[in-house]
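Everything on this sheet refers to the single structure shown next.
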Amino acid sequence: MNEESLGPVDWYGPDAATFGDRVAAARDHAGMTQAQLARRLGVKLSTLRSWEDDLSEPRANRLSMMAGILNVSIMWLLTGEGDGL
């Protein structure tokens, strides 16, 4: 994909995606707001935002829960490889 083809809503690109980008993309794909996902994971909204902004990463237990809720693999969340969107 070249840069000319990227429109304003095409912020997610598999090659350049970070962990936070994949979390946000999977959450959007699942039709959930940040608040809804945070509630389901039992974390504060600010915590989820810090994950999506790549300021921090969840512990293994939350990562596992998130993968299940968003229906993607843990490996995809971490690396972009495996079962994702």
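List the helices (runs of 4 or more DSSP H) that sit entirely inside the stretch 39-85 and contain at least 2 residues that are over 26 Å from Asp15 (Cβ atoms).
Where helices (runs of 4 or more DSSP H) fall fully within the stretch 39-85 and carry at least 2 residues being over 26 Å from Asp15 (Cβ atoms), they are 45-52, 60-70.
Looking at (1) modelled with pLDDT of 95 or more; (2) surrounded by 16 or more Cβ atoms within 10 Å (Cβ to Cβ), which one does Ala17 not meet, given that it meets all the others?
(1)
Could you check the stretch 22-38 and list, in sequence order, the residues that are in a helix (DSSP H, G or I) and out of contact with any Gly (no Cβ under 8 Å at 6 or more places or on another chain)?
Matches in the stretch 22-38: Val23, Ala24, Ala25, Arg27, Asp28, His29, Gln34, Ala35, Gln36, Leu37, Ala38.
Applying the selection to the stretch 46-68, what residues are touching a Leu at 6+ places or on another chain (Cβ under 9 Å), hydrophobic (A, V, I, L, M, F, W, C) and more than 13 Å from Ala24 (Cα to Cα)?
Leu63, Met65
I need a count of the residues in the stretch 44-56 that are open to solvent by 40 Å² or more (accessible area, probe 1.4 Å) and within 15 Å of Gln34 (Cα to Cα).
Adding up the residues that qualify gives 7.
In the list Leu41, Leu63, which residue meets the criterion of being modelled with pLDDT of 95 or more, in contact with a Lys or Arg (Cβ under 7 Å, 6 or more places away or on another chain) and buried (at least 16 other Cβ atoms within 10 Å of the Cβ)?
Selected residue: Leu41, the only one of Leu41, Leu63 that is modelled with pLDDT of 95 or more, in contact with a Lys or Arg (Cβ under 7 Å, 6 or more places away or on another chain) and buried (at least 16 other Cβ atoms within 10 Å of the Cβ).
The values are calculated or read from the model by the stated rules, or taken from the named source; none is laboratory data. Predicted model only: the values in this text are computed from it and were never measured. For neighbour counting, all protein chains shown are included, and Cβ atoms are generated from backbone atoms with ideal geometry for every residue, glycine included. Heavy atoms of the whole protein, side chains included, go into the accessibility calculation; ligands, DNA and RNA do not. Shrake-Rupley method; radii C 1.70, N 1.55, O 1.52, S 1.80 Å.
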